[in-house]
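First up is the structure itself, then whatever we jot down about it.
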Amino acid sequence: MEKKALSNKWFLYITEFFAGMSVMAVELGASRLLSPYFSSSQIVWTIIIGTIMIAMALGNVIGGRSADKNPNPDKLYMRLAISAVWIALIPFVGKYIIVGVTLLLAMFVSSNFLVWAAFASCMVIFVFPLLLLGTVTPSLAKYTVSSLDDSGKTVGTLGALNTIGSIIGTFLPTFVTIPAVGTSITFLIFAGILLAISIGYFVIERSRLRTCAVLAVIFIVCCVFSPSNSFAFWDDGVVLEDESIYNYLQVKETEDSVTLSTNVMFGVQSIMMKGDGLTGMYYDYALAAPLLAGVGASDELDMLILGMGTGTYAKQCLSYFPNANIEGVEIDQKISDLAYSHFDLPEQVETTTYDARAYIAADEGSYDVIMVDAYRDVTVPFQMATVEFFTEVREHLNENGVMVMNMNMYSSEANSINEYLSDTVASVFPYVYTVRVPGTTNTELFACTEPDALDRMLAAMSSVDDLELLSVMNDVADNMETYSAGDLILTDDKAPVEMLGMKVIDEIIGNELDYYREIFREQGLGALFE
């Protein structure tokens with residue numbers, strides 16, 4: 001019996017258009033779902049794209065064979081409905097699956113842990129619904145081609161609509177839905193569109209209405225509960241979770257501090273101590289930069305911060321160098337807003353929302369100190385790790401000016417990312433010094449073009465009245481080492497910072513997990529929950 005819905009090709013074309021749109025929306029949603037746990041690095045994007053291509057290829061094969069064997073569009077639209085409900089369930093259960101898969105792999109995987117955890121999570125969550133969406137194009141080609149005379153035109157129209165839908169599905173989540181309503185509702189929007197098309201088909205055909213009603217109820221339940229589900233669902237200290245074009249944002253508050261993280265598993269990007277004292281983190285050691293430039297506590301200080309975050313370093317510099325003129329650059333406007341709303345950054349500190357590399361290339365100012373702290377998740381953006389970038393920084397420093405850079409991934413392995421960064425800086429600056437921050441994985445790097453920076457620091461320390469700060473500065477002076485340059489140079493053409501960073505993160509995670517693996521081997525799974 002001929003299907004009523006097939007009598008008008010526009011219904012099939014609409015199906016193809018929104019299927020293509022939903023594939024790209026789910027792909028972008030996948031990156032936002034995974035990034036708070038595994039980062040948003042090129043490595044994670046590669047895993048997502050590869051997984052989705054596997055699913056689509058399998059879907060094309062299965063859809064084509066199914067359409068040839070039994071060309072009944074009921075099956076296609078039921079697959080579409082099931083895919084829609086699965087996508088709607090992703091924000092509701094996906095976070096629990098990620099954590100569960102991660103904990104399971106932690107017991108057995110000893111190398112490349114983040115890569116395997118991200119790949120396994122992606123396979124479990126996304127392969128099935130995207131495989132079903134992959135069956136759409138070959139099935140619709142079967143239903144829309146009425147004769148060989150117009151087969152090329154029809155298949156071309158389907159391909160064009162799929163591509164146009166994919167283009168819109170690429171831009172719409174990134175620039176509209178995710179910043180406006182978040183990842184969870186973005187999944188629900190596109191799942192709702194697919195489900196509406198499927199239910200519309202079955203209403204026209206007056207078949208499987210009870211099944212459609214059940215799927216609709218599941219979708220409504222997802223709409224009610226999914227948006228309120230936190231990424232860090234196990235943590236009671238979170239006071240704000242938000243998403244921007246660039247980041248997942250999490251603000252936590254304790255009795256002593258307020259912190260910003262862009263990853264739920266590890267890392268603190270900014271901190272505000274409620275007592276306005278030192279942080280106990282790398283920011284304290286970075287306060288040596290003005291002193292190395294010969295700037296005393298009461299002198300004027302011109303400073304540029306590339307990677308402002310919520311202004312931790314800026315606030316500290318204003319506390320100990322009250323005559324500081326500070327400019328900040330931060331690519332994420334929502335983080336800049338948090339600086340003033342949750343982290344008490346003084347209004348006198350100007351923050352420009354811009355890419356730091358592009359900003360300094362256009363900037364005509366010169367500075368006593370330039371702070372480089374523009375980490376994205378687990379590693380530095382490649383364009384801010386190269387000879388070309390550090391050359392730009394050098395050209396914006398005053399005569400005794402100092403660049404200070406935070407390197408947050410210490411490794412005992414040879415040829416680590418810190419060695420690459422240090423060698424690259426040393427190829428541009430003749431004088432480079434490093435100091436490890438105790439109790440952390442951070443190393444502070446100071447670079448300048450003039451000699452005797454340490455002598456200038458010791459002289460400027462005489463103007464420091466704060467005993468706590470003076471103690472830290474003495475530690476910096478005592479432990480500062482002159483860096484011997486090597487030949488591990490990063491350039492705009494070749495800067496594999498994400499692979500280097502992932503190696504260090506893998507080492508850090510592996511060391512942490514050894515303790516839990518030992519408990520698991522000796523006492524079993526139950527002991528991990530005690």
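The values are calculated or read from the model by the stated rules, or taken from the named source; none is laboratory data. Keep in mind the model is a prediction, meaning the values are calculated, not measured. Methodologically, a virtual Cβ is constructed for each residue, glycine included, from the backbone with ideal geometry; neighbour enumeration extends over all protein chains shown.
Kindly provide the set of residues from segment 388-407 that are closer than 22 Å to MET499 by Cα and in contact with an Asp or Glu (Cβ under 9 Å, 6 or more places away or on another chain), ordered by number. Break it down stepwise before answering.
Kept after step one, since they are closer than 22 Å to MET499 by Cα, are these residues of segment 388-407: 388-390, 405-407.
Within segment 388-407, GLU388, PHE389, MET405, ASN406, MET407 qualify.
For ILE82, the conditions (1) in contact with a helix residue (DSSP H, G or I) (Cβ under 9 Å, 6 or more places away or on another chain); (2) without any contact (Cβ under 8 Å) to a residue 60 or more places away in the chain are fulfilled apart from (2). Where helices (runs of 4 or more DSSP H) sit wholly within segment 251-345, those with at least 2 residues that are in contact (Cβ under 8 Å) with a residue 40 or more places away in the chain, over 26 Å from VAL432 (Cα atoms) and among the aliphatic types (A, V, I, L, M) occupy 333-341.
Selection of first residues in segment 224-239 that are more than 14 Å from GLY94 (Cα to Cα) and outside the structural domain of PRO91 (by TED's automatic domain parsing) and of second residues that are at pLDDT 65 or above and surrounded by fewer than 16 Cβ atoms within 10 Å (Cβ to Cβ), restricted to Cβ pairs under 8 Å at least 6 apart or on distinct chains, gives the following pairs, ordered by first then second residue: GLY237/GLU253; GLY237/THR254; VAL238/SER230; VAL239/GLU253. If you take the residues of segment 402-430 that are in a strand (DSSP E or B) and at pLDDT below 95, which of them is surrounded by the most Cβ atoms within 10 Å (Cβ to Cβ)? Selected residue: MET405.
A count restricted to segment 456-510 and to residues that are assigned to a helix (DSSP H, G or I) and either more than 26 Å from GLU392 (Cβ to Cβ) or aliphatic (A, V, I, L, M) (or both) stands at 32. When every residue of segment 363-372 is checked against the conditions, at least one turns out to be under 27 Å from PRO179 (Cβ atoms), touching a residue at least 12 places away in the same chain (Cβ under 8 Å), crowded, with 24+ Cβ neighbours inside 10 Å and not hydroxyl-bearing (Ser, Thr, Tyr). The single condition from (1) among the charged types (D, E, K, R); (2) in a loop (DSSP other than H, G, I, E, B); (3) under 18 Å from ALA447 (Cα atoms) that ASP368 fails is (2).
So which residues in segment 273-300 are of a type in the set (A, V, I, L, M, F, W, C), in contact with a strand residue (DSSP E or B) (Cβ under 6 Å, 6 or more places away or on another chain) and buried (at least 23 other Cβ atoms within 10 Å of the Cβ), if there are any at all? Step through it out loud before you land on a result.
Narrowing segment 273-300 to residues of a type in the set (A, V, I, L, M, F, W, C): 273, 278, 281, 286-289, 291-293, 295, 297.
Those still in the list that are in contact with a strand residue (DSSP E or B) (Cβ under 6 Å, 6 or more places away or on another chain) too: 273, 286, 289, 292-293, 295.
Correct list: ALA286, ALA289, LEU292, ALA293, VAL295.
Once segment 163-222 is narrowed to residues that are touching a Ser or Thr at 6+ places or on another chain (Cβ under 8 Å) and among the β-branched types (Val, Ile, Thr), the residue that is farthest from ASP74 (Cα to Cα) is ILE178. A residue that is assigned to a helix (DSSP H, G or I), at pLDDT 85 or above and under 29 Å from TRP10 (Cβ atoms) occurs somewhere in segment 223-243. Checked against (1) touching a residue at least 40 places away in the same chain (Cβ under 8 Å); (2) surrounded by fewer than 19 Cβ atoms within 10 Å (Cβ to Cβ), GLY100 passes all but a single condition, namely (1). From the list SER41, SER66, SER35, exactly one residue is at pLDDT below 90, farther than 20 Å from ASN162 by Cβ and surrounded by fewer than 24 Cβ atoms within 10 Å (Cβ to Cβ). Which is it? Matching residue, one of SER41, SER66, SER35: SER41. Check segment 333-349 and report whether any residue there is acidic (Asp, Glu), buried (at least 19 other Cβ atoms within 10 Å of the Cβ) and either closer than 26 Å to MET461 by Cα or within 25 Å of the chain's Cα centre (by Cα) (or both). Scanning segment 333-349 turns up no residue that is acidic (Asp, Glu), buried (at least 19 other Cβ atoms within 10 Å of the Cβ) and either closer than 26 Å to MET461 by Cα or within 25 Å of the chain's Cα centre (by Cα) (or both).
Scanning segment 12-26 for residues that are surrounded by fewer than 24 Cβ atoms within 10 Å (Cβ to Cβ) and out of contact with any Gly (no Cβ under 8 Å at 6 or more places or on another chain), we see that the one that is nearest to LYS95 (Cα to Cα) is ILE14. Among the residues examined, PHE190 qualifies as touching a residue at least 60 places away in the same chain (Cβ under 8 Å) and closer than 30 Å to LEU12 by Cβ.
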